Amino acid sequence: MHPLKVDQPYPFEQWWVAAFADEVKEDILGRKILGEEVILYRPEGGAVVALSGICPHRAFPLAKGCIKGAKVQCGYHGFEFDSDGKCVSVPNQKGVPTNSDLKSYPVVERAGLVWIWTGKAENADPDLIPDLDEVGLCDGWAWEQSPPIKVPGRFTLLIDNLLDLGHASFIHTDTIPGSEAVAMLPVSIIENGRTLNAQRIAEGFPSTNYKKFQFPEYEGEFDEHFDAEYYGPCLIRTGGASHKAGTGVYLGTQNFLHFITPETPYSCHYFVISARDFQVDNKALSQAMIDIGDQIAPQDVAAIGAIEQVLQTSDTLPREVSARADTSALKVRHLLESQIRREISARGTEEVPAS
Ligand code: FES
Ligand SMILES: [Fe+2]
C-alpha cells in the first residue's frame with residue numbers, strides 16, 4: 001500500500017501508544033487501533049486493560065456500554081465481560097455461549113503512555129518498547145504533552161513528514177522561528193542498529209525570541225541540532241541539543257517526541273510530548289512549548305490530509321520522484337517494509353491477522 005511496496009498497511013507485531021495514561025479512567029475510552037475497535041479502562045481505578053470493542057453478540061460498540069464494578073456491560077442486551085475479556089454473564093440464562101469472550105490486548109503503562117501490543121500476545125516483550133529514558137521521559141527533564149490528534153492520513157505520511165524537517169522552511173515559517181534556513185542545511189544520516197537519525201546541524205545560528213526564551217542568560221549565536229530520529233514506526237524524535245556557537249559548550253536539549261499509531265489504513269493517531277533538560281521548573285516555558293505545538297501540528301495535519309485526499313481520489317498518480325533530502329525517509333520506508341515482510345513470512349500468509 002502506497003508508499004510501501006507491501007500490501008499489508010502496517011506491522012502488527014509492534015507496541016503502539018494507545019492513549020496518554022491520563023486519558024484512561026475507570027470509564028470506557030473507545031479508540032480504533034490498526035483498524036480494530038478497542039476499549040480501554042481501569043478496572044476499579046487500577047491498571048489499564050484493553051479489550052476488543054465490539055460485542056460478539058450483535059456487534060454493538062462496547063464504547064457505548066458501561067462499567068459495573070470491574071466489568072464491562074454491553075449497552076444493547078447486557079452481556080457482561082470481566083477485565084480479562086471473559087464473558088461472565090448473559091441475561092436470562094445460566095452460563096454463557098461459547099466463543100463469547102473479548103480479545104484482551106497486552107498493555108504496558110510507561111512514562112505517562114499506555115502501550116498496546118497488536119500482534120500475538122506471546123510476542124509482547126516490553127523490552128521492545130523504545131528506550132524512553134534516552135529521549136528524555138525520565139527524571140531531571142520537564143515534559144509537556146499536547147492533546148491527542150487524529151490525522152486524516154495514513155501513518156506513513158506522518159513518518160515521511162517528520163523525517164524531512166526541510167518542510168519546516170515552507171509550511172512552518174510563521175510558527176517555528178528560524179525555520180526558513182532548515183531546508184538548506186546538509187543532512188547526515190546516523191544509524192546505530194536501533195535508530196536512524198537524519199541530523200541537520202546549524203552552525204552559528206542567530207538568536208531568536210524563542211531561543212532567548214529558552215536560554216535567557218545567553219546572548220550569542222547557537223550551534224543547533226535538528227534531528228529526526230526514527231525509533232520504529234511508533235516513535236520519531238525531533239529537536240535536539242543547543243550549544244554556544246563554535247565552543248561546544250552545551251546549553252540544553254529540547255526534544256519533540258512524536259508517537260504515531262495507525263487508526264485505519266488511511267488515518268492515524270498522533271501523540272506529541274515535548275521534553276527538555278533545561279529550565280525544568282519554568283512553567284511559562286512549558287506553556288509556551290504547548291502553545292507552539294498547538295500551532296505547528298495543524299499545519300502538518302493539513303498537509304498530510306491534503307496528500308491523503310489525493311491518494312484516495314486520483315485514479316492515477318504521477319510516478320513518485322525523490323530528492324536528496326528524502327534519503328532518510330526512503331531508508332525508513334525500507335525498514336518498515338522489511339519489518340512487515342518478516343512478519344508476513346513468520347505468519348506464513350499474506351492475510352492480515354484476524355482479531
Ligand atoms: S449486542 Fe451486546 S449484548 Fe447484544
Ligand atoms: Fe512539521
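Nothing in this text is a laboratory measurement; each read-out follows from the coordinates by a stated rule. The shown structure was predicted, so the numbers you read here are calculated from the model rather than taken from an experiment. Reconstructed Cβ throughout: ideal geometry from the backbone, glycine too, with neighbour counts over all protein chains shown.
Given the criteria of a type in the set (D, E, K, R) and closer than 20 Å to SER188 by Cβ, does ASP227 qualify? Criteria met by ASP227. Which residue is surrounded by the most Cβ atoms within 10 Å (Cβ to Cβ), if the candidates are limited to segment 203-236 and must be part of a strand (DSSP E or B), in contact with a Ser or Thr (Cβ under 8 Å, 6 or more places away or on another chain) and of a type in the set (A, V, I, L, M, F, W, C)? That would be ALA228. Return the residues of segment 144-191 that are within 12 Å of ligand 2 (Cβ to nearest atom) and assigned to a loop (DSSP other than H, G, I, E, B); say none if nothing qualifies. Correct list: ASP164, HIS172, THR173, THR175, ILE176.
Table: residues versus (1) touching a Gly at 6+ places or on another chain (Cβ under 6 Å); (2) under 28 Å from SER179 (Cβ atoms); (3) assigned to a loop (DSSP other than H, G, I, E, B); (4) hydrophobic (A, V, I, L, M, F, W, C).
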{"site": "PRO298", "(1), (2), (3), (4)": "no, yes, no, no"}
{"site": "ASP315", "(1), (2), (3), (4)": "no, no, yes, no"}
{"site": "SER322", "(1), (2), (3), (4)": "no, yes, yes, no"}
{"site": "THR327", "(1), (2), (3), (4)": "no, yes, no, no"}
{"site": "LEU336", "(1), (2), (3), (4)": "no, yes, no, yes"}
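Considering segment 62-79, the residues that are outside any loop (DSSP other than H, G, I, E, B) and more than 9 Å from ligand 1 (Cβ to nearest atom) include one that is nearest to LEU40 (Cα to Cα), namely ALA63.
Filtered by the rule that a residue be closer than 16 Å to GLY239 by Cβ and touching a strand residue (DSSP E or B) at 6+ places or on another chain (Cβ under 8 Å), segment 197-210 gives ASN197, ALA198, GLN199, ARG200, ILE201, ALA202, PHE205.
Selection of segment 91-111 for residues being on the phi > 0 side of the Ramachandran plot and surrounded by 15 or more Cβ atoms within 10 Å (Cβ to Cβ) yields only ALA111. On the given criteria, is ALA306 free of Cβ contacts under 8 Å to residues at least 12 places away in the same chain, surrounded by fewer than 22 Cβ atoms within 10 Å (Cβ to Cβ) and either more than 25 Å from GLY30 (Cα to Cα) or in contact with a His (Cβ under 7 Å, 6 or more places away or on another chain) (or both)? In short, yes.
Annotation: ARG200 fulfils all but one of (1) within 12 Å of ligand 2 (Cβ to nearest atom); (2) surrounded by 19 or more Cβ atoms within 10 Å (Cβ to Cβ); the unmet one is (1).
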